[in-house]
1. Of the residues VAL126, VAL122, VAL117, VAL94, which is open to solvent by less than 60 Å² (accessible area, probe 1.4 Å), under 24 Å from HIS171 (Cα atoms) and without any contact (Cβ under 8 Å) to a residue 24 or more places away in the chain?
2. Of these, ASP80, ASP87, which one is modelled with pLDDT of 95 or more, surrounded by fewer than 16 Cβ atoms within 10 Å (Cβ to Cβ) and more than 19 Å from VAL185 (Cα to Cα)?
3. From (1) open to solvent by 80 Å² or more (accessible area, probe 1.4 Å); (2) within 16 Å of PHE70 (Cβ to Cβ); (3) of a type outside the set (Gly, Ala, Ser); (4) without any contact (Cβ under 8 Å) to a residue 40 or more places away in the chain, pick out the condition that doesn't hold for LEU102.
4. Restricting to the range 87-114, count the residues that are out of contact with any strand residue (DSSP E or B) (no Cβ under 9 Å at 6 or more places or on another chain) and under 22 Å from ILE135 (Cβ atoms).
5. Scan the range 51-67 and give yes if some residue there is at pLDDT 95 or above, open to solvent by less than 80 Å² (accessible area, probe 1.4 Å), in contact with a strand residue (DSSP E or B) (Cβ under 6 Å, 6 or more places away or on another chain) and polar (S, T, N, Q), otherwise no.
6. Can you tell me which condition LYS2 does not meet? The list is (1) more than 25 Å from the chain's Cα centre (by Cα); (2) at pLDDT 90 or above, and all the others hold.
7. Looking at THR136, THR142, can you tell me which residue is polar (S, T, N, Q) and either open to solvent by less than 60 Å² (accessible area, probe 1.4 Å) or within 27 Å of SER188 (Cα to Cα) (or both)?
8. Cβ-Cβ distance below 6 Å, separation of 6 or more or different chains: which pairs start in the range 141-163 with a residue that is at positive phi and end on one that is at pLDDT below 95?
Amino acid sequence: GKHAHQQIAVKVWGDNLNAYRVSDVADRWLSDFLGTRVQLVCMPDNVVRNVDPEYATASDQTGFSDGFPFLLLSQASIDDLNRRIDDPSSIMDVKRFRPNLLIEGAEAFAEDSWNLVEIGNVRFRVVKPCSRCVITTVNPETAEKGVEPLKTLATYRRQGNKVFFGQNLLHDAIGSLSVGDELRVIGS
């Protein structure tokens, strides 16, 4: 479209960034699908968004993700949460938590003790527990709002005024990951 590669200003949390529009076609398709006007953008190679320096080195960066490029969660942790939820209609699906790395075969909350892991040929630093917000209480299928999972998580995963579930990761190299790759704990 005529707006392809048009640069526009975007804001991700407190970060003001430049982005490129992808295309009018993509905007129309997504807008029709979502029922609201949206624009699909990509991050130019020359734009840098650093992660929180308290948990990272000066060269660590992310794109349009929440705060870190990877969120790891174990299925056992989700299963543990679901066993604690009183209301059977409030059982949580992994989609509520939006991890891009979901692991199986570890004990519940094993991820809390890891410092360094390798998946496939990529090494990751486990840098920060993920504090969970009210978005987790919105059913992604129906947009219905509720009190879970934060109500139950707060009974055993609260630290101060935050509730933690999952771990934020930073990658040390570019590589490829595939479903079924083994996770190896290198440091805990």
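1. Details: VAL126 fails: without any contact (Cβ under 8 Å) to a residue 24 or more places away in the chain; VAL122 fails: without any contact (Cβ under 8 Å) to a residue 24 or more places away in the chain; VAL117 fails: without any contact (Cβ under 8 Å) to a residue 24 or more places away in the chain.
After ruling out the rest, the residue left standing is VAL94.
2. Numbers: ASP87 fails: modelled with pLDDT of 95 or more.
Result: ASP80 is the single residue among ASP80, ASP87 that is modelled with pLDDT of 95 or more, surrounded by fewer than 16 Cβ atoms within 10 Å (Cβ to Cβ) and more than 19 Å from VAL185 (Cα to Cα).
3. (1)
4. Going residue by residue through the range 87-114, those that are out of contact with any strand residue (DSSP E or B) (no Cβ under 9 Å at 6 or more places or on another chain) are 87-93, 95.
Then drop every residue that is not under 22 Å from ILE135 (Cβ atoms), which leaves 87, 89-93, 95.
Counting residues in the range 87-114 that are out of contact with any strand residue (DSSP E or B) (no Cβ under 9 Å at 6 or more places or on another chain) and under 22 Å from ILE135 (Cβ atoms) gives 7.
5. Of all residues in the range 51-67, those at pLDDT 95 or above come to none.
Within the range 51-67, none of the residues are at pLDDT 95 or above, open to solvent by less than 80 Å² (accessible area, probe 1.4 Å), in contact with a strand residue (DSSP E or B) (Cβ under 6 Å, 6 or more places away or on another chain) and polar (S, T, N, Q).
6. Of (1) more than 25 Å from the chain's Cα centre (by Cα); (2) at pLDDT 90 or above, only one is false for LYS2: (2).
7. On the way: THR142 fails: either open to solvent by less than 60 Å² (accessible area, probe 1.4 Å) or within 27 Å of SER188 (Cα to Cα) (or both).
Testing whether each residue is polar (S, T, N, Q) and either open to solvent by less than 60 Å² (accessible area, probe 1.4 Å) or within 27 Å of SER188 (Cα to Cα) (or both) leaves just THR136.
8. Nothing qualifies.
The values are calculated or read from the model by the stated rules, or taken from the named source; none is laboratory data. Everything numeric here is computed off the predicted structure, so don't read it as measured data. All Cβ positions, glycine included, derive from the backbone under ideal geometry; neighbour counts span all protein chains shown. Each accessible area value is taken on the protein alone, full model and side chains, heavy atoms only, with ligands, DNA and RNA left out. Shrake-Rupley method; radii C 1.70, N 1.55, O 1.52, S 1.80 Å.
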